[in-house]
C-alpha cells in the first residue's frame with residue numbers, strides 16, 4: 001500500500017515558495033476520533049461521532065449567540081497535509097486531475113471547511129457532529145451556516 005505522502009503515477013509536485021505570514025491565528029483545537037487520513041471519513045456526516053471543538057482564550061466571548069444555530073460552518077487548518085501537488089490522482093481511478101478540481105486536503109493552502117450539526121456548547125467546548133478532520137486539527141473560525149432565510153410572510157390581505 002502506498003504511503004500517505006507518496007506521489008502516485010500521474011501526479012506532479014512543485015517546489016514551494018518561501019513561507020510568508022498570512023496572519024492566521026489558530027483560535028482553538030479540534031478533537032475527533034481519527035488520527036490518520038485513512039481513518040477519517042472523506043466527508044462528514046450529520047450522524048457521525050460527537051466531536052469537540054476547543055476554543056482558546058481570549059476567543060470565548062465570541063461564542064455568544066452561536067447556540068441559536070442548528071448548523072455551523074467550521075474552518076480549520078489541515079496541518080498534516082502536503083502542499084506541493086498541482087495534479088493529483090484519486091486512488092480509485094488513477095486519473096490525473098488539477099488540485100483545484102478536487103475536494104482533497106492536499107492543497108497549496110490547506111484550509112478545510114465542514115458544515116456540522118451543533119449539539120451544544122459547554123464552556124469553551126463546542127460539541128458537533130459531521131466533522132471529517134484529524135484529532136488535534138487547528139481551528140481557524142466558526143460561522144453560522146449560510147442557509148437561506150425563510151421567506152417573509154405576505155402582507156395581510158395579499159395573495
Only one of these conditions is not met by residue 59: (1) more than 22 Å from residue 144 (Cβ to Cβ); (2) surrounded by 13 or more Cβ atoms within 10 Å (Cβ to Cβ); (3) without any contact (Cβ under 8 Å) to a residue 40 or more places away in the chain; (4) out of contact with any helix residue (DSSP H, G or I) (no Cβ under 7 Å at 6 or more places or on another chain). Which number is it? (1)
Can you tell me which residues in segment 105-131 are touching a helix residue (DSSP H, G or I) at 6+ places or on another chain (Cβ under 8 Å), surrounded by 15 or more Cβ atoms within 10 Å (Cβ to Cβ) and either outside any loop (DSSP other than H, G, I, E, B) or on the phi > 0 side of the Ramachandran plot (or both)? 118, 121, 126
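Could you run through segment 72-88 and say how many residues are within 17 Å of residue 127 (Cβ to Cβ) and buried (at least 16 other Cβ atoms within 10 Å of the Cβ)? It would help to see each step written out before you state the result.
Going through segment 72-88, the residues within 17 Å of residue 127 (Cβ to Cβ) turn out to be 72-74, 76.
When the remaining residues are screened for being buried (at least 16 other Cβ atoms within 10 Å of the Cβ), the result is 72, 74, 76.
Matching residues across segment 72-88 total 3.
Rule-based calculations on the coordinates, nothing more; no lab input. Because the structure is predicted, anything quoted here is derived from the model rather than measured. In this analysis, Cβ positions are derived from the backbone assuming ideal geometry, glycine residues included, and neighbour counts consider all displayed protein chains.
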